[in-house]
Amino acid sequence: MKIDLLQEANRCLNCKKPLCKIHCPISTDIPNIINLFKENKISEAGEILFYNNPLSIFCSIICPHEEQCKGHCIKGIKETPVEFPLIEKEISTKYLTTLPLDKKENQGIDIAIIGGGPAGITSAILLAKEGFNVTIFEAFSKLGGVLRYGIPEFRLPRDLMDTFEKYLLNLGVKIKYNTLVGPTHTIQNLKNDDFKYIIITTGVWNPKPMDIKGETKGNVHYAINYLVSPDSYNLGPNVLIIGGGNVAMDAARVARRAGSSVTVMYRRGEEDMPATKVEIAEAKEDGVNFKFYYAPKEILDDTMIFLRTESHTDESGRKKLITLEDSDIAIPYSSIIVAVSQGPKKNIVSSEDRISLEKWGTVIVNDNFETTLENVFSCGDVVTGPKTVVAAVNDAKKVVSNILKKEELI
């Protein structure tokens with residue numbers, strides 16, 4: 001059903017204390033944007049959105065809105081919340097046709113950005129517009145990171161990323177495709193070639209294993225790899241998805257749309273799943289099945305062994321998961337897709353020990369997002385672990401701000 005966006009905008013209460021804005025990770029001025037939309041000042045609204053969040057078009061589509069703006073809309077208490085994401089998408093889509101190419105005077109400073117995902121793209125746009133010479137080192141053949149290779153086409157059209165790739169090139173950003181920093185170029189190589197600042201935004205592309213027997217079998221795959229090129233997989237008729245996050249939902253929906261029967265196996269209850277309610281509901285609409293309170297134990301050639309679990313609440317009100325011994329259940333499968341989490345790869349730090357890491361492999365940074373190596377910054381999922389696109393954009397803005405402060409440009 002098509003929603004009348006002007007009617008939606010008119011439902012906004014213009015709260016004196018806008019909780020929608022307060023709970024937006026990047027503090028989008030939602031009431032102001034809605035008022036401009038009502039006045040048909042689309043270009044002005046688009047400019048405000050873009051300068052606050054260069055990736056607003058993506059965030060309007062894939063942000064977990066139920067936990068952010070929509071989830072805190074006062075209208076949602078007794079009615080349905082205002083559909084600001086759809087208003088933002090409408091404005092941002094129109095603004096894409098007039099993305100600004102204005103740049104400040106060239107600073108004569110070279111900056112290397114390692115990784116062309118959300119944080120890298122945001123950094124590149126903002127720095128290029130400030131007059132820096134920006135080069136993106138991209139491991140894949142196209143830019144986008146998770147926006148292109150981690151989110152299905154039916155959720156996020158690829159042509160949006162193509163638009164931004166062209167925009168970066170028009171801004172004068174250089175892109176080195178199929179270039180993995182570490183084996184080919186080290187951080188020191190970049191410094192030797194006069195890159196004054198380096199920003200590491202490589203995301204989390206290393207799937208975390210379940211560490212159970214049988215996980216190396218040929219029909220066991222990892223969701224983050226599967227989503228990069230699903231057409232290259234022959235999953236067969238009966239697919240099990242292990243995990244309950246948004247990546248698990250995306251993998252399940254892609255596999256289901258490819259014709260497989262798909263069942264998500266989760267060790268806890270539905271209410272405990274980290275995936276958003278919208279993602280879970282859409283997976284169900286696609287015909288994905290769910291089994292709860294199943295913990296992985298072992299993978300055999302054509303069956304996977306699970307142990308049943310139960311959730312108990314202790315006297316303090318905390319929930320505790322109990323695994324039931326001798327409760328083995330064999331579930332048949334043709335393929336298994338593991339989606340229990342991801343961590344950073346270590347290509348860069350394997351050749352640069354001056355950059356310190358947390359025990360999970362994430363990069364250690366100070367309050368200014370600078371690593372333990374001077375003038376080398378890092379932000380996004382490679383620092384925080386898997387989070388949202390809007391969080392990566394927000395951190396990238398802070399990195400750019402700190403570089404401008406170092407150059408005494410603000």
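The values are calculated or read from the model by the stated rules, or taken from the named source; none is laboratory data. Note that this is a predicted model, so its numbers are computed, not measured. Cβ atoms come from the backbone with ideal geometry, glycine included; neighbour counts cover every protein chain shown. Note: areas computed on protein heavy atoms with side chains; ligands, DNA, RNA excluded. Shrake-Rupley method; radii C 1.70, N 1.55, O 1.52, S 1.80 Å.
At-a-glance table
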read-out	value
Cα-based convex hull, the stretch 64-111, per residue volume (Å³, whole number)	135
Sequence of PHE164, PHE195 from largest to smallest accessible area, 1.4 Å probe	PHE195, PHE164
Debye intensity ratio I(q)/I(0), log10, the stretch 1-73, q values 0.11, 0.26 Å⁻¹ (C-alpha model)	-0.26, -1.49
Alpha-carbon radius of gyration plus Dmax, which is the widest Cα pair, for the stretch 186-275 in Å	17.9, 54
Pairs from LYS17/LYS398; LYS21/LYS397; LYS94/LYS166 whose Cα-Cα separation, in the structure shown, is over 22 Å	LYS17/LYS398
With all protein chains modelled, accessible area of CYS15 [1.4 Å, Å²]	50
Heavy-atom surface of the chain, accessible at 1.4 Å and reported per residue (Å²)	47
Check: the stretch 259-410 dipole with +1 on Lys, Arg Cβ and -1 on Asp, Glu Cβ, in debye	280
Additional length obtainable on full extension of the chain from ARG318 to ILE212, 0.36 nm per residue less Cα span	35.4 nm
Candidate values (i) 60, 49, 43; (ii) 101, 56, 40; (iii) 69, 56, 46, label of the one derived for Cα extents along the principal axes in Å	(iii)
Distance between the stretch 36-55 and the stretch 165-199 - C-alpha centres, whole angstrom	31
14 Å beta-carbon shell around TYR222, net charge (K/R +1, D/E -1)	0
Long-range HN-HN contacts of ILE241 with modeled amide H, under 5 Å	THR263, VAL264, MET265, ILE337
Within the stretch 325-353: backbone nitrogen closer than 19 Å to the ASN234 label point (7 Å, Cα to C-beta)	333-337
Beta bridges by DSSP in the stretch 214-368, antiparallel share as percent, to the nearest 5	50
Estimated 222 nm signal from helices in the chain, with DSSP H stretches of n ≥ 4 weighted -39500 (n - 2.57), rounded to 500	-9000 deg cm²/dmol
Euclidean distance of C-alpha centroids, the stretch 203-277 and the stretch 343-398, integer Å	26
For ILE242, solvent-accessible area (1.4 Å; no DNA, RNA or ligand), Å²	10
Dipole magnitude of the chain, debye to nearest 20 (Cβ charges: Lys/Arg +1, Asp/Glu -1, about Cα centre)	420
Label-to-label distance, nm, for residues given as THR186 and GLU90 (7 Å Cα→Cβ offset)	5.5
Three-way shape call for the stretch 224-325 based on the alpha-carbon gyration tensor, with the a/c threshold at 1.5	oblate
Charge dipole (the stretch 48-179, unit charges on Cβ, about Cα centre) - positive-most of MET161, SER123, PHE140	PHE140
Local electrostatic count at PRO183 - Lys and Arg +1, Asp and Glu -1, tallied over other residues with Cβ under 15 Å	+1
For PHE377, residues with placed amide H under 5 Å, excluding near neighbours	ILE198, ILE199, ILE200, THR371
Rounded FRET efficiency, nearest 0.05, which uses the C-beta distance separating SER327 from GLU270 and R0 of 22 Å	0.65
Restricting the stretch 37-130 to trypsin sites (Lys or Arg not before Pro) in coil, as DSSP defines it, with at most 16 other Cβ within 10 Å	LYS41, LYS78, LYS103, LYS104
The stretch 64-208 pair-distance distribution - Cα-Cα, 10 Å bins, rounded %	10, 33, 30, 18, 7, 1, 0
Loop-located GluC sites (Glu not before Pro) in the stretch 98-178 whose Cβ has at most 13 other Cβ within 10 Å (DSSP)	GLU105, GLU153
Radius 9 Å from Cβ of ASN368, net charge of other residues (Lys, Arg +1; Asp, Glu -1)	+1
Carbon and sulfur %, accessible surface of the stretch 95-158 computed with the full protein complex present, 1.4 Å	52
Global size of the stretch 287-410 as Cα Rg and Dmax, reported in angstrom	21.8, 65
R0 of 30 Å, Cβ-Cβ distance TYR177-ILE22: FRET efficiency to nearest 0.05	0.15
